[in-house]
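J.: I am attaching a structure below and will ask some questions about it afterwards.
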Amino acid sequence: MVAGGSGLIGRQLVGLLNEQGARVHVVSLDDDRLAPPECQFLKMDLTEKANCLAACKDIEVVFNLLCAKGSPQMSKMQPASFFVPIIQLSINLMEAARICGVERYLFASSLAVYPPAEVFHEDDVWLGAPSPNDRFAGWAKRMGELQAEAYAIEYDWRGVSIVRPANTYGPHDDFGKQTAMVVPSLIRRTLSGENPLTVWGDGSAVRDFIHARDVARGMMMVVKKGITQPMNLGSGSGVSIRDLVNAIIKHLPKTPEVIWDATKPGGDPCRVLDTARARSFGIKPTISLETGIAETMDWYQAHANASDLRYNVFSDYDESPAG
């Protein structure tokens, strides 16, 4: 079962699992039209424990790819919409998997769990608090990792793998105005003809980018090999936001003027994953940034309205009496 199997990484993972002959269940709140082919699709809210128990029944392997994604501005404006659903999804789904006797469970954590550093090493998570830019999502994902550790101690359930993907991009990404991360946001804006193109920061911030298919392939290998040490999945090398913008606009028929707004925050100066542990298991990316960007731009041009079918936690999650 792939929770979040209609999303960015999930679509790639479901395709790879189908190639291996697996019978795949996908659970998501996205529109049915985003369901991957050749799978059983269940539109179900996994913040509810009863739904998690139903989804995990008779399942051998669970991939939990669920998360609340949004821009840095959204994390400041609506932090509860990050924190609460992530906690609910993590706690309820892993507990249901344990109760149902699931053999292997993969928890997709995040680089947001790391304290500020230029290079993130797997064993350094608890050396400090998450970056202030990732405070709510980072702590929520840390709780999911602690849950796996607690289960290993109390129940001797050691079937949980933890991966921490870098900045992931590719086809089937979320290109919505509120929720798009840096790559899909820039692609949407440039392909819509925005000129001049204003980008926050001075372009010097460095990030680690990895294609969703490489992340999905890494997840499958982690589960297949039974790896329970937390593992980074990234390129292991940094790309500046300025270079990212250049990689995108080179594929445009007309080059826009780029304006760097240094009065706006550009995030942490450098965030790159150390990938030595993954490479020691033969797990490494195969898709270059240039190839991946071109593929993603082609996909978006053919599926520009797909984001309208995607569940938006920021507009749809509201437990207030007026909601």
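J.: Mind checking which aspartates and glutamates have their C-alpha under 14 Å from K177, skipping anything on the same chain fewer than 8 residues away?
T.: Qualifying aspartates and glutamates at Cα under 14 Å: E194, D308.
J.: I want to verify a result. In a Gaussian network model of the chain, Cα cutoff 10 Å, which of these has the top mean-square fluctuation: K43, K284, K254?
T.: K254
J.: Going by C-beta contacts inside 10 Å, put E38, E145, E257 in order with the fewest on the left.
T.: Values: E38 12, E145 20, E257 8.
Ordered by Cβ neighbours within 10 Å, fewest first: E257, E38, E145.
J.: Using Stokes-Einstein with the Kirkwood hydrodynamic radius over Cα pairs, what translational diffusion coefficient do you get for the range 205-266 at 20 °C and a viscosity of 1.002 mPa s, in µm²/s rounded to a whole number? Please report the intermediate quantities before stating the final value.
T.: Working: Rh = 14.6 Å.
Stokes-Einstein gives a translational diffusion coefficient of 147 µm²/s.
J.: Also: Identify, among Q147, V84, G201, the residue whose Cα sits farthest towards the positive end of the charge dipole of the chain, taking +1 on the Cβ of Lys and Arg and -1 on the Cβ of Asp and Glu, with the dipole about the Cα centre.
T.: In the chain, that residue is G201.
J.: Cα-Cα over 22 Å: which of K225/K284; K76/K141; K76/K250; K43/K284; K49/K141? Walk me through the numbers on the way to the answer.
T.: Details: K225/K284 15 Å; K76/K141 17 Å; K76/K250 32 Å; K43/K284 33 Å; K49/K141 18 Å.
Beyond 22 Å: K76/K250; K43/K284.
J.: Jot down the radius of gyration and Dmax of the range 73-144, Cα atoms only, both in angstrom.
T.: 13.6, 40
J.: How big is the gap, in Å, between the Cα center of the range 224-269 and the Cα center of the range 7-48?
T.: So the two Cα centres are separated by 27 Å.
J.: Using a Gaussian network for the chain with springs between C-alpha atoms less than 10 Å apart, which of these wobbles most: V163, V113, V24?
T.: Result for the chain, Cα springs under 10 Å: V24 fluctuates most.
J.: Can you bin every Cα-Cα distance in the range 1-114 into 10 Å intervals starting at zero and give me the percent of pairs per bin, rounded to whole numbers?
T.: 14, 46, 32, 8, 0
J.: Magnitude of the Cβ-charge dipole of the chain, K/R +1 and D/E -1, about the Cα centre, nearest 20 debye?
T.: Values: 32 positive and 38 negative charges, 76 e Å.
Dipole magnitude for the chain comes out near 360 debye.
J.: Let me ask something additional. Within the chain, which complete DSSP H helices have Cα atoms spanning at least 27 Å along the helix axis and a mean Kyte-Doolittle hydropathy of -0.5 or higher? Walk me through the numbers before you get to the answer.
T.: Details: long enough: 79-99 (30 Å, 1.09); 135-154 (28 Å, -0.40).
Helix filter hits for the chain: 79-99, 135-154.
J.: Still on this structure, I have one more. Taking Rh as the Kirkwood radius, which is the inverse of the mean 1/r over Cα pairs, what is the Rg/Rh value for the range 209-323? Walk me through the numbers before you get to the answer.
T.: Values: Rg = 18.4 Å, Rh = 17.6 Å.
Over the Cα atoms of the range 209-323, Rg/Rh equals 1.04.
J.: How high is the relative contact order of the chain, given as a whole-number percent (alpha carbon pairs under 8 Å, six or more residues apart)?
T.: About 19 percent, as a whole number.
J.: Here is a follow-up. Taking the range 121-278, how much of its Cα-Cα pair set, in percent, is spaced more than 27 angstrom apart? Mind dumping the intermediate values first?
T.: Working: 4064 of 12403 pairs.
Pairs farther apart than 27 Å: 33 percent.
J.: Given Cα positions, please report Rg to Rh for the chain, the hydrodynamic radius being the Kirkwood one. Walk me through the intermediate numbers first.
T.: Details: Rg = 18.9 Å, Rh = 20.0 Å.
In the chain, Rg relative to Rh is 0.94.
J.: Let me check the size of the range 258-297 from its C-alpha atoms; what are the radius of gyration and Dmax in Å?
T.: For the range 258-297, the Cα radius of gyration and maximum Cα-Cα distance read 15.7, 43 Å.
J.: On a C-alpha basis, how far is the centre of the range 173-202 from the centre of the range 129-160 in Å? Whole number, if you could?
T.: 31 Å
J.: For a footprinting-style exposure proxy, rank M77, M94 by other Cβ within 10 Å, fewest first.
T.: Values: M77 12, M94 24.
Ascending Cβ contact count within 10 Å gives the list M77, M94.
J.: Where the only charges are on Cβ atoms (+1 Lys, Arg; -1 Asp, Glu), what is the dipole of the range 1-45 about its Cα centre, to the nearest 20 debye? Please report the intermediate quantities before stating the final value.
T.: Numbers: 4 positive and 6 negative charges, 15 e Å.
Computed about the Cα centre, the dipole is about 80 debye.
J.: Picking from T47, T228, T198, which is most flexible by a Gaussian network model of the chain using Cα springs under 10 Å?
T.: Between T47, T228, T198, it is T198 that shows the largest mean-square fluctuation.
J.: Further question on the same structure: On average, how much area does the Cα convex hull of the range 239-281 cover when viewed from any direction, in nm²? All intermediate terms of the calculation are to be shown ahead of the outcome.
T.: On the way: hull surface 18.9 nm².
Answer in nm², one decimal: 4.7.
J.: Here is a further query. Would you compute, for the Cα atoms of the range 185-226, the largest minus smallest coordinate along each principal axis and list the three values in descending order, in whole Å?
T.: On the principal axes, the range 185-226 reaches 49, 24, 9 Å in Cα extent.
J.: Related question: Just for the Cα atoms in the range 32-184, what are the lengths along the principal axes, largest first, rounded to whole Å?
T.: For the range 32-184, the Cα spread along each principal axis is 41, 41, 25 Å.
J.: Only helical DSSP H runs with n ≥ 4 go in: add -39500 (n - 2.57) per run for the chain, normalise by residue count and round the 222 nm mean residue ellipticity to 500 deg cm²/dmol.
T.: On the way: 11 runs with 123 residues, N = 323.
Taken over the chain, the calculation gives -11500 deg cm²/dmol.
J.: Next up: Which whole-number percent is the relative contact order of the range 167-323 (Cα, under 8 Å, 6+ apart)? Mind dumping the intermediate values first?
T.: Values: 204 pairs, mean separation 54.5, N = 157.
Worked out over the range 167-323, it gives 35 percent.
J.: What Kirkwood hydrodynamic radius do you get for the range 130-199 when you take the inverse of the mean 1/r over all pairs of distinct Cα atoms, in Å? All intermediate terms of the calculation are to be shown ahead of the outcome.
T.: Numbers: mean 1/r = 0.0656 Å⁻¹.
The answer is 15.2 Å.
Values in this text are rule-based calculations from the coordinates and carry no lab data. Here the structure is a predicted model, which is why all the values come from computation and not from measurement. FYI the Cβ positions are ideal-geometry reconstructions off the backbone, even for glycines, and counts take in every protein chain you see.
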